[in-house]
Amino acid sequence: MKKFFWGASTSAHQVEGGNKNDWTEWEEKTAHEMPERAKHRQWFKSMPNIYTFLKNHHNYVSGGACDHYHHYEEDFNLAKSLGHNAHRFSIEWSRIEPRKGEFNEQEIEHYRNVIKALQERGLEPFVTLYHWTVPLWFRDEGGWLNRRSPKYFERYVQKLTESYKDLGIKFWITINEPEVYAGHSYLKGEWPPEIRSYRKYFKVMRRLAHTHVLAYRAIKSINPNAEVGIAKNNIYFEAHGINPWNKFLKWCADYFWNYQFLNRIKGEQDFIGLNYYFHNRINWSFGKNENKKVSDMGWEIYPEGLYHVLCGIWRYKKPIYITENGVADEEDKFREEFIREHVMAMRRAMSEGIDVRGYFYWSLLDNFEWDKGFAPRFGLVEIDYVTQDRRVRSSAEAYKNIIEESLRLPENSA
Ligand code: FCB
């Protein structure tokens, strides 16, 4: 009998607080300009609900975030009380290796406690090793443009896998959304290190694929029972009508965005982690979605797309975990329906034989949404950033019911 994993995701930089990495330095440097910069971003106008926050420069410094670093037990108690049986989180490389080649044993111990806290509560840990932030020394050596970067990452991964060997961690995610990170950081120049170059973008993409392969082999050699994959952001590109140009654009978008990275690492992944957020109806150009129902961030809500994206990645015939799927919705107006309908789309794919084994809502907590700061609210649990109080949103209870109903099914599937 296969166990289905239900849970939520977080990432270290977005929730922990007190980090010192390439992002924290960048945030401090750019915060004063961010309200002005935001106004020139294409996304700014689509976020009327959160304008006020986007105009305040304090919004853009992660600072203490949700102080999850100190509240993780309380947060995992909440996850457990909400019916979850798994949790995805990330380890912050800059804490583990703050100076080149020097590992911080106290921080290694910290994450050991985090993992044990999950296991003690019956929450299966899904460990992400790289969710976009890097140590300062790594950045200073050129980040992912440095030829040696995959080797540096491999050394960090080896250290962690060896340190946690006795914990029997089964699920490892090496890299979160390589193309989203590389696109914003090396092509659009909106995220650190603010580079705009096609050549560098493709270089970083190739390097991240190589990095994954080294990390995959390192984990498997130390822990042969581990299951290792990446978390991949795939978009449902839909060609409007029968127009051959639209079909051609769809083919290109699928190839470059959805499959190129996965093709590169094809033989060296045990599962595919899918992050699903976007639908793009192509009508002569991209992003012509009609009748949009949108989140606080202006992102279209399109559950059906999840079904199509799952069908698309089933070409690799690997087990799939939905490692992220969520909505920014401060008033909690859409979230329940959002989850319900995405779970339905997932079940439709499963009923057609697609091997989906888990669903992780993004996110357990409200958190720091990168260059949009704290304004978007994705959490099942609301955070009061002044008092650090946690308040469970009613959609979190609805998600709990969905989980409980499914666990009552005879085959304990989804
Ligand atoms: C994904 C990221 C995650 C979060 C969500 C909203 O692309 O992986 O960290 O920012 O979007």
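Since every read-out is calculated from the coordinates, none of them should be taken as a lab result. This one's a predicted model, so the numbers in the text were calculated from it and none came from an experiment. Neighbour counts are summed over all protein chains in view; Cβ atoms, including those assigned to glycine, are modelled from backbone coordinates with ideal geometry.
Results, tabulated for the structure shown:
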quantity: Set of aspartates and glutamates near Lys400 by C-alpha distance (under 14 Å), chain-local residues within fewer than 8 positions excluded; calculated: Glu336, Glu337
quantity: Mean Cβ neighbour count within 10 Å, used as a protection proxy, ranking 150-163, 388-401, 190-203 highest first; calculated: 150-163, 388-401, 190-203
quantity: Cross-link reach list, lysines versus Lys55, counting only Cα pairs under 18 Å and skipping chain neighbours closer than eight places; calculated: Lys29, Lys39, Lys45, Lys372
quantity: Residue order, fewest to most beta carbons within 10 Å, for His342, His240, His71; calculated: His240, His71, His342
quantity: Theoretical gain in end-to-end length, Glu102 to Glu331 [0.36 nm per residue, Cα-Cα removed]; calculated: 78.0 nm
quantity: Likely footprinting exposure, Arg335, Arg347, fewest C-beta neighbours within 10 Å first; calculated: Arg347, Arg335
quantity: Listed peptides 367-380, 278-291 by packing density, highest first (mean Cβ within 10 Å); calculated: 367-380, 278-291
quantity: Highest to lowest packing among 257-263, 15-21, scored as the average C-beta count within 10 Å; calculated: 15-21, 257-263
quantity: Pairs of alpha carbons in the chain whose separation is greater than 42 Å (percent); calculated: 6
quantity: Shape box of region 226-328 [Cα atoms, principal axes, largest first, Å]; calculated: 43, 33, 17
quantity: Exposure proxy order (Cβ contacts within 10 Å, fewest to most) of Asp270, Asp329, Asp384; calculated: Asp384, Asp270, Asp329
quantity: Antiparallel DSSP beta bridges within the chain, as percent of all bridges there, nearest 5; calculated: 15
quantity: When each of Lys20/Lys266; Lys266/Lys288; Lys188/Lys317; Lys20/Lys165; Lys116/Lys203 is checked by Cα-Cα distance, pairs over 29 Å; calculated: Lys20/Lys266; Lys266/Lys288; Lys188/Lys317; Lys116/Lys203
quantity: Longest to shortest principal axis, alpha-carbon extents of region 1-132, angstrom; calculated: 51, 38, 24
quantity: Between region 238-263 and region 132-211, the alpha-carbon center distance in angstrom; calculated: 26
quantity: Eligible aspartates and glutamates near Lys292 by straight Cα distance, threshold 14 Å, same-chain separation 8 or greater; calculated: Glu300, Glu304
